[in-house]
Amino acid sequence: MTDNTFPWGHKGRYNDFPSYFKSKFSERIQKVSIDAGFTCPNRDGSKGVGGCTYCNNNSFNPEYCSPKKSITNQIEEGISFFNAKYHAQKYLAYFQAYSNTYGHIDQIKRLYNEALSHERVVGLVIGTRPDCVSNDVLDYLENLAKEYYIGVEYGVESANDQALLAINRGHDYKVAEQTILRTANRGIHIGAHLVNGLPYDSKKDMLNHAIRLSKLPIESLKLHQLQILNDTQMAKEYQEAPERFYLFELEEYLDFIVDVIERISPDVMLERFTNQTPPGWLIAPKWGLKNYQFVNKLNNLLKERGTWQGRLFEV
């Protein structure tokens, strides 16, 4: 197979999400992050306290994000932030912090409708847990999807229940599969998220998790390496027993991602491979690499190995 014959219609050796976006919209689309003040069931006591052991939302929330501000104010400040780089673009309101379907349906509708009322917002991307999505919410999103771009990103994290228990997730993998199936065929764009390196997950496990997810009706997949962050329960656990964690070296992780790309469904778009953390938050691993630099290395390795997405995929 040559660079001009990949089934996803562009020269890249994997089915990348940004290319899809460029083909779908006539102008540049940017996500603008929102913190709507939601929480999680493993934080508020309904399933546990403390949240996921690796989680520190402050490490990825932009400065303009705060639940003390209205949705409209956060969007306006986000647009001002991005206008310094880009002009004449539209936005997706990205409900990112915590579980953004975990609340009463009336509250959810009020917040989402406020975001969609902004003249430059053309849709929503909603980050949430698979155990926090009611049928009422899905029915509402299905209706919105008739007019707007509506994406839901499910934090699956692992398909290993032992790993999910170790990070205080509060649900098992079966819930993730069932929720993805409940969300399918509604016009909602489904994304899933996996963390590579959690306790009790071997490298073979992580590879199989990605393959298994790619056979579900998801549209996009986000991957990232486990990172140990300051001010988390996992940081304490790492200090006490670092051998419990699989922290990839950079070159090893590049090889691993190529193995994943070769074996997952060619229909799934890949949105991200690594996570980047602001200075001061990261304990390990410290690669010192920007996301675009990782992607450049990945593309070179795919070409060097003469491979592409789905080359070894088995239906």
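The values are calculated or read from the model by the stated rules, or taken from the named source; none is laboratory data. As the structure is a prediction and not an experimental result, all values here were calculated from the model. Cβ sites come from the backbone with ideal geometry, for glycine too, and all protein chains shown count toward neighbours.
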| Of the residues that sit in the stretch 146-180 and are more than 16 Å from the chain's Cα centre (by Cα) and closer than 23 Å to Asn113 by Cα, which one is surrounded by the most Cβ atoms within 10 Å (Cβ to Cβ)? | Tyr149
| remark: Residues of the stretch 2-41 being part of a loop (DSSP other than H, G, I, E, B) and either in contact with a Cys (Cβ under 7 Å, 6 or more places away or on another chain) or free of Cβ contacts under 8 Å to residues at least 12 places away in the same chain (or both), in sequence order, are Thr2, Asp3, Asn4, Thr5, His10, Lys11, Ser26, Asp35, Pro41
| query | Which ones in the stretch 9-30 are in contact with a helix residue (DSSP H, G or I) (Cβ under 8 Å, 6 or more places away or on another chain), more than 17 Å from Glu153 (Cβ to Cβ) and surrounded by fewer than 18 Cβ atoms within 10 Å (Cβ to Cβ)? | reply | Gly9, His10
| message | Among the residues of the stretch 76-89, are any under 23 Å from Thr179 (Cα atoms), outside any loop (DSSP other than H, G, I, E, B) and free of Cβ contacts under 8 Å to residues at least 24 places away in the same chain? | response | no
| Every residue from the stretch 129-168 that is in a loop (DSSP other than H, G, I, E, B) and touching a helix residue (DSSP H, G or I) at 6+ places or on another chain (Cβ under 8 Å) | Pro130, Asp131, Val133, Ser134, Tyr148, Ser158, Ala159, Asn160, Ile167, Asn168
| message | Being of a type in the set (Lys, Arg) and either surrounded by fewer than 20 Cβ atoms within 10 Å (Cβ to Cβ) or more than 21 Å from Trp281 (Cβ to Cβ) (or both) is the filter here; which residues of the stretch 31-65 pass it? | response | Lys31, Lys47
| said: Given the options Ile190, Ile180, Ile211, name the one that is assigned to a strand (DSSP E or B), at negative phi and of a type in the set (A, V, I, L, M, F, W, C). | reply: Ile190
| said: It is to be established whether one or more residues within the stretch 242-258 are surrounded by 19 or more Cβ atoms within 10 Å (Cβ to Cβ), in contact with a Gly (Cβ under 7 Å, 6 or more places away or on another chain) and more than 19 Å from Ser220 (Cα to Cα). | reply: yes
| field | Residue list for the stretch 296-315, filter: modelled with pLDDT of 95 or more and either surrounded by fewer than 18 Cβ atoms within 10 Å (Cβ to Cβ) or of a type in the set (Asp, Glu) (or both) | value | Asn296, Lys297, Asn299, Asn300, Leu301, Lys303, Glu304, Arg305, Gly306, Arg311, Leu312, Phe313
| If we scan the stretch 186-199, do we find a residue that is free of Cβ contacts under 8 Å to residues at least 24 places away in the same chain, out of contact with any Pro (no Cβ under 7 Å at 6 or more places or on another chain) and surrounded by fewer than 19 Cβ atoms within 10 Å (Cβ to Cβ)? | no
| Set Asn275, Asn300, Asn296, Asn291: member being under 21 Å from the mean Cα position of the chain (by Cα) and farther than 29 Å from Arg244 by Cβ | Asn296
| task | Identify all residues within the stretch 262-305 that are touching a strand residue (DSSP E or B) at 6+ places or on another chain (Cβ under 7 Å) and not in a loop (DSSP other than H, G, I, E, B); write none if there are none. | result | Met269, Leu270, Glu271, Arg272, Leu282, Ile283, Ala284
| task | Report yes if some residue within the stretch 242-255 is of a type in the set (Ser, Thr, Tyr), at pLDDT below 95, under 17 Å from the mean Cα position of the chain (by Cα) and not in a helix (DSSP H, G or I); otherwise report no. | result | no
| Considering Ser59, Ser46, which residue is at pLDDT below 85 and hydroxyl-bearing (Ser, Thr, Tyr)? | Ser59
| query | Just for the stretch 108-122: of the residues that are in contact with a Phe, Trp or Tyr (Cβ under 9 Å, 6 or more places away or on another chain) and surrounded by fewer than 23 Cβ atoms within 10 Å (Cβ to Cβ), which one is nearest to Ser80 (Cα to Cα)? | reply | Arg120
| Among (1) in contact with a Gly (Cβ under 8 Å, 6 or more places away or on another chain); (2) without any contact (Cβ under 8 Å) to a residue 40 or more places away in the chain, the one test that Lys47 misses | (2)
